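All remarks here apply to the structure that follows.
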Amino acid sequence: MKSGPEDRMHMAANFSTRNVTVRRISANMATDERNFRSVYYEKVGCRGVGETNKLENLLKEKLVDQGKLKQFCIRFAVPVRHRSLLWCSLLNIRPMYTNSLQYVMTQRKAVYNDLLHALKMMRLVDEAKMPKSRILYAMWLLETKRLHLGFNISTTEHNFIGISETLLQLFDDEVEIYWMAKKFYEITEDIEKDLPKLITLTTSLFEKNNQELFRYLETHNLLQKLPLNRWYVTCFSGVLNETALAKVWDKIIGGSFQILAFVLYKMLSKLERSIYKCKDIDSLLECIEKLNAKNDQEMSDVIVSKSIEMWQSSEFFYKSS
């Protein structure tokens with residue numbers, strides 16, 4: 001049976017439609033495969049090649065664009081090998097114009113050496129006996145004209161020391177660490193001014209997401225007695241493992257302080273079963289210390305990962321990005 005012109009046109013149209021459908025299905029499958037790979041690589045700790053290349057290109061520009069670098073910190077996971085360079089760029093330790101880099105970093109090193117030498121000459125520090133974090137603290141006190149006669153560097157507690165201890169676990173260059181500690185401490189001073197807003201956000205997160213835990217904490221007056229001011233102002237230095245904590249500090253340096261409230265929420269949520277056995281603040285703090293000491297790295301990784309995931313689905317992520 002012969003087909004007429006209309007039949008042939010109809011068959012051609014059907015064939016074309018099937019081709020389009022097949023191409024769409026293939027495209028969707030390819031997209032799903034890429035999404036699957038992205039999720040898998042994210043879970044096993046591998047970064048996208050495109051993201052890393054993008055960051056490397058931003059850091060190589062003659063005029064560093066801090067806005068784009070902050071956006072990278074907010075939107076993506078920062079590769080470990082680029083973290084020091086990225087933080088130094090965003091904290092204004094490295095100059096915006098890369099052609100001035102050598103001169104500026106030479107001056108940074110000279111200031112570091114002069115401060116350390118002065119403290120040694122005054123016999124205020126002993127590198128063989130004193131923890132490096134306290135030496136950095138003494139240098140900061142001297143540079144900011146806060147070091148006075150009779151000041152006991154060995155016993156004084158200060159947020160600058162906790163910040164320095166975290167940075168010393170993350171990086172090797174002590175000159176850069178000193179300058180990072182100075183600049184990051186300035187950020188924490190801004191966080192301290194916003195503590196009432198952070199406390200309000202913390203309460204809101206518990207009320208909206210876990211009313212049972214919130215009521216228990218309120219009933220036993222535990223949330224109010226937690227050292228939230230210290231934890232928030234030091235950005236959880238000494239509370240969570242440094243390697244995991246660095247991912248939170250990426251977001252803070254990128255400009256989002258609010259993530260701290262999400263970290264607290266996820267940390268206490270992880271402890272929920274144990275918290276119900278705590279009747280006072282001492283037992284709760286002991287519970288937190290035991291949990292982090294028991295499996296520090298793994299537990300901190302879980303808390304931080306879930307905190308970032310929750311923060312990314314909130315309004316604060318979209319405001320930051």
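The values are calculated or read from the model by the stated rules, or taken from the named source; none is laboratory data. Computed from a predicted structure; not experimentally measured. Don't worry about glycine lacking a Cβ; one is built from the backbone with ideal geometry, like all the others, and counts go over all protein chains shown. For the accessible areas, the whole protein counts, side chains as well, though only heavy atoms, and no ligand, DNA or RNA atoms are used. Shrake-Rupley method; radii C 1.70, N 1.55, O 1.52, S 1.80 Å.
Asp172 fails exactly one of the following numbered conditions: (1) within 20 Å of the chain's Cα centre (by Cα); (2) in a helix (DSSP H, G or I). What is the number of that condition? The single condition Asp172 does not satisfy is (2). For region 105-141, the set of residues classified as in a helix (DSSP H, G or I), aliphatic (A, V, I, L, M) and loosely packed, with under 14 Cβ neighbours inside 10 Å consists of Ala110, Met121, listed by residue number. When His148 is tested against the conditions (1) under 32 Å from the mean Cα position of the chain (by Cα); (2) on the phi < 0 side of the Ramachandran plot, the lone failure is (1). Test Ile177 against the criterion of being in contact (Cβ under 8 Å) with a residue 60 or more places away in the chain and out of contact with any Lys or Arg (no Cβ under 7 Å at 6 or more places or on another chain), and give yes or no. Answer is no for this residue.
Residues are listed down the side, and each one gets a yes or a no for (1) at pLDDT below 95; (2) touching a His at 6+ places or on another chain (Cβ under 9 Å):
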site	(1), (2)
Val104	no, no
His117	no, no
Leu136	no, no
Leu141	no, yes
Ser154	yes, no
Trp179	no, no
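With a requirement of 1 or more residues that are over 28 Å from Gln66 (Cα atoms), the helices (runs of 4 or more DSSP H) lying completely within region 206-307 that satisfy it span 211-219, 228-233, 259-270, 272-275, 281-294.
Would you call Leu167 out of contact with any Gly (no Cβ under 7 Å at 6 or more places or on another chain), in a helix (DSSP H, G or I), open to solvent by less than 10 Å² (accessible area, probe 1.4 Å) and at pLDDT 95 or above? So Leu167 fits the description; yes.
Take the conditions (1) more than 19 Å from Leu90 (Cβ to Cβ); (2) open to solvent by 40 Å² or more (accessible area, probe 1.4 Å); (3) touching a residue at least 60 places away in the same chain (Cβ under 8 Å); Ser300 misses just one of them, which is (2). May I ask you to verify whether Leu213 is buried (at least 16 other Cβ atoms within 10 Å of the Cβ), at pLDDT 95 or above and either among the polar types (S, T, N, Q) or more than 30 Å from Leu136 (Cα to Cα) (or both)? When the stated conditions are applied, Leu213 passes them. A search for C-beta distances below 7 Å between a residue of region 275-286 that is within 16 Å of Leu213 (Cβ to Cβ) and any residue that is at pLDDT below 90, counting only pairs 6+ apart in sequence or on different chains, returns Ile275/Cys287; Cys278/Cys287. Contact map, region 138-165: first residue over 17 Å from Tyr178 (Cβ atoms), second residue open to solvent by less than 60 Å² (accessible area, probe 1.4 Å) and assigned to a loop (DSSP other than H, G, I, E, B), Cβ cut-off under 8 Å, separation 6 or more or different chains; pairs are Ser154/Met130. When Lys193 is tested against (1) open to solvent by 60 Å² or more (accessible area, probe 1.4 Å); (2) under 24 Å from Tyr276 (Cα atoms), exactly one condition is not met: (2). Being among the aliphatic types (A, V, I, L, M) and at pLDDT 80 or above holds for only one residue in Ala27, Ala12, Ala110, and it is Ala110.
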